[in-house]
Amino acid sequence: MNNNALIIIGSRWEFELIRNGKRVWQDGFDNLVTTAGLNKLLDATFLTGLASPAWYVGLIDATPTFAAADTSSAHAGWTEDTNYAAATRPAFTMGAIAAGSGSNTASKASFTFNASATIAGAFLIDSSVKGGTSGTLYAEGAFSGGNQAVIAADIMNVTVTLTAQSGTVATSSFMPIKEEVFGEYHP
């Protein structure tokens, strides 16, 4: 049996809903990192070195479905909720990175709702345009406890923790690299 090294990329999202100064709900989830998000990580780390200068949190309404192939302009299983007062998506402001983890715990993304809505989850994107469809969609996910109703003046605070860990995967078979030397096959 062989062990293959790998990097595990993920994120943990925590939500709290404040109504009239009191926390009335909380939830959390581990979410999907999209293929576009993984490509952005590889590009910024190993190819161009160009990282997005800023990231933003958006909210998802209704009952969503997700796919690794989702992008900012094509995500048929969900829609963005824009029933909050700010003119742009709140910034994801990450603190120091240590031990393969970084979060916005010290500066949570905060949404003050200006209408009743049903919130189902959230996403991370490198565009601040509220309701926009450009930029890189890094991650998306739904509340573990189902949809959450909000009303005008409710405040939803969002904490996102991004992680990268090393690990191994045991494999039962190993395919050697094949080599041809002078027309002969040598496995």
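The values are calculated or read from the model by the stated rules, or taken from the named source; none is laboratory data. These figures come from a predicted structure and were not determined experimentally. Reconstructed Cβ throughout: ideal geometry from the backbone, glycine too, with neighbour counts over all protein chains shown.
The table for this structure:
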| quantity | calculated |
| --- | --- |
| Counted residues, segment 3-39 - those being touching a residue at least 12 places away in the same chain (Cβ under 8 Å), charged (D, E, K, R) and touching an Asp or Glu at 6+ places or on another chain (Cβ under 6 Å) | 2 |
| Filter pass, residue 114 being modelled with pLDDT of 95 or more and in contact with a Ser or Thr (Cβ under 7 Å, 6 or more places away or on another chain) | no |
| From the options 88, 63, 82, 48, residue that is surrounded by 11 or more Cβ atoms within 10 Å (Cβ to Cβ), modelled with pLDDT under 90 and of a type outside the set (A, V, I, L, M) | 63 |
| In segment 1-54, residue nearest to residue 101 (Cα to Cα) [restricted to those that are part of a strand (DSSP E or B) and in contact with a Leu (Cβ under 6 Å, 6 or more places away or on another chain)] | 11 |
